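Structure first, commentary second.
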Amino acid sequence: MSARPMRPVGVAVLGAAHTGHAWAYTRAVTASPNARVVGVHDPEPEHTRWIHHDFGVPLVDDVEALLASPEVEAVLVCSANADHRAHVELAAAHGRHVLCEKPIATTLEDADAMVAACHVAGVQLHVAFPARFTPLVARARETVRAGRLGELIGLVGLNRGRPPLPPSYPAWLTDAEAAGGGALIDHSVHVTDAMRHVSGLEVAEVSAEAGSLLWDCGVDDLAVVSLRFAGGAVGSIDPSWSVPADHPWDYDFHLRLVGTEGALSLTDGAESIRVVSTREGGPRGLRHAGFGSDPDRAMVEAFLASVRGDAVLDPCATGEDGVRALEVALAGYRSAATGRAAAVR
């Protein structure tokens, strides 16, 4: 007896200011047999240029009409960070499930309101943390949860990237109001979420330093974040934009966990091919491109499966997970500003 085909999910893209992520998630949806992109809305033509060119996705000016379409069941929110709340609340008001780009918001007030709006509307709110969908992170979680490292006492994470400067990146990424900050909020949330996801531990206190030392871009481009977890474990995060402009990796991701009975380390840069890019509107020159599993596609497929089944599936990150990661980033900024440790709300 053949398996019943999965119900396809109609998806709208609401905001594409996170141009690279919006492109990657749209590619994942268009490649999926379980979904299709109904349309994309963003008032800035440059944000949607490559989505429309590469995938033929219709551009829609009337956002209300797009979200009201009976074909739309789910929404990808990839707008500027400060616009996430308005777009998530709009999607929720139309009864649409949401996958929101990280960080969930720029303030805890906005993040809490987004979670509440989706709860009241009875729709799912997911936050885009693709690291959860890498096989190495999944294996690390299984190892830790099985107790093979004993009690965790130390966690070290790195997610360093190249500076998000024009013309390769949109200008809003280095606008403190639109982005909520710089490297600290941009990359620390990935590592914080991976640490929480793997360990089950929650951060209690943050000490951090942050500054603009490399690129003169108006926001922090370097940071070091020290963590104290509830229960006594300690940790650190390097979320800096310290990858040189001509480096073949756009970013890296490392995680090291130390326990009383063992330790493990992982990195996502072990398997790659060399690619030379001359494409306009993106990083050019020699690049290393990973050829392992595609965490973006795995994340999008898990979101679509959650929507079809009307239940958030593991390892998807919820709105609450997004709030927890944002709390740590904002505590880091408070600590950097005052020179003192800052408690996490």
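The values are calculated or read from the model by the stated rules, or taken from the named source; none is laboratory data. Since the model is a prediction, treat every value here as computed from it, not as a measurement. Cβ: placed from backbone, ideal geometry, glycine included. Neighbour counts: every protein chain shown. Accessible surface is based on the protein model in full, side chains and every heavy atom, while ligands, DNA and RNA are left aside. Shrake-Rupley method; radii C 1.70, N 1.55, O 1.52, S 1.80 Å.
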Study note, to complete from the structure: From the option list 186, 193, single residue qualifying as farther than 12 Å from residue 223 by Cβ and part of a helix (DSSP H, G or I) is 193
Revision key, fill the gap. Conditions (1) among the charged types (D, E, K, R); (2) buried (at least 23 other Cβ atoms within 10 Å of the Cβ); (3) within 23 Å of residue 171 (Cα to Cα) -> residue 96 fails only (3)
Exercise for review: Give the residues of the range 42-74 that are over 11 Å from residue 15 (Cα atoms), of a type in the set (D, E, K, R) and under 23 Å from the mean Cα position of the chain (by Cα), sorted by residue number.
Suggested key: 46, 49, 54, 73
Check your understanding: Taking the stated definitions as given, is residue 157 more than 20 Å from the chain's Cα centre (by Cα) and either under 28 Å from residue 23 (Cα atoms) or of a type outside the set (D, E, K, R) (or both)?
Key -> no
Exercise for review: Determine which member of the set 26, 19, 48 is in contact with a Gly (Cβ under 9 Å, 6 or more places away or on another chain), under 19 Å from residue 100 (Cα atoms), at pLDDT 95 or above and not acidic (Asp, Glu).
Suggested key: 19
Practice item. Confirm whether residue 89 is of a type in the set (Asp, Glu) and in contact with a strand residue (DSSP E or B) (Cβ under 9 Å, 6 or more places away or on another chain). Key: no
**Study point:** Residues being assigned to a loop (DSSP other than H, G, I, E, B) and either aromatic (Phe, Trp, Tyr) or surrounded by fewer than 19 Cβ atoms within 10 Å (Cβ to Cβ) (or both) - total across the range 127-154
**Key:** 6
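Filter the range 257-275 for residues that are under 20 Å from the mean Cα position of the chain (by Cα) and either assigned to a loop (DSSP other than H, G, I, E, B) or among the basic types (Lys, Arg) (or both) and give the result.
268, 269, listed by residue number.
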Practice item. Considering only residues that are part of a helix (DSSP H, G or I) and in contact (Cβ under 8 Å) with a residue 60 or more places away in the chain, look in the range 196-210 and name the one that is most open to solvent (accessible area, probe 1.4 Å). Key: 196
Practice item. Take residue 111 and decide whether it is more than 24 Å from residue 222 (Cβ to Cβ), of a type outside the set (S, T, N, Q) and either within 14 Å of the chain's Cα centre (by Cα) or open to solvent by less than 10 Å² (accessible area, probe 1.4 Å) (or both). Key: yes
Exercise for review: Inspect the range 119-126 for any residue being more than 15 Å from the chain's Cα centre (by Cα), at pLDDT 95 or above and either open to solvent by less than 40 Å² (accessible area, probe 1.4 Å) or closer than 24 Å to residue 195 by Cα (or both) and give the result as yes or no.
Suggested key: yes
Review point. When residue 53 is evaluated against the numbered criteria (1) in contact (Cβ under 8 Å) with a residue 40 or more places away in the chain; (2) farther than 30 Å from residue 333 by Cα, which criterion, by number, is the only one it fails?
Key: (1)
Study note, to complete from the structure: Subset of the range 212-224, residues part of a strand (DSSP E or B) and either touching a residue at least 60 places away in the same chain (Cβ under 8 Å) or in contact with a helix residue (DSSP H, G or I) (Cβ under 8 Å, 6 or more places away or on another chain) (or both), comes to 222, 223
Practice item. Look through the range 225-253, keep the residues that are part of a strand (DSSP E or B) and surrounded by fewer than 17 Cβ atoms within 10 Å (Cβ to Cβ), and return whichever of them is farthest from the chain's Cα centre (by Cα). Key: 234
Practice item. Could you tell me whether residue 213 is touching a Phe, Trp or Tyr at 6+ places or on another chain (Cβ under 7 Å), open to solvent by 30 Å² or more (accessible area, probe 1.4 Å) and of a type in the set (A, V, I, L, M)? Key: no
Check your understanding: Counting only residues that are assigned to a strand (DSSP E or B) and at pLDDT 95 or above, which one in the range 278-330 is most open to solvent (accessible area, probe 1.4 Å)?
Key -> 318
**Study point:** Where a residue in the range 169-183 is within 14 Å of residue 78 (Cβ to Cβ) and assigned to a loop (DSSP other than H, G, I, E, B) and its partner, wherever it lies, is among the basic types (Lys, Arg) and at pLDDT below 95, with Cβ under 9 Å and at least six apart
**Key:** 169/162
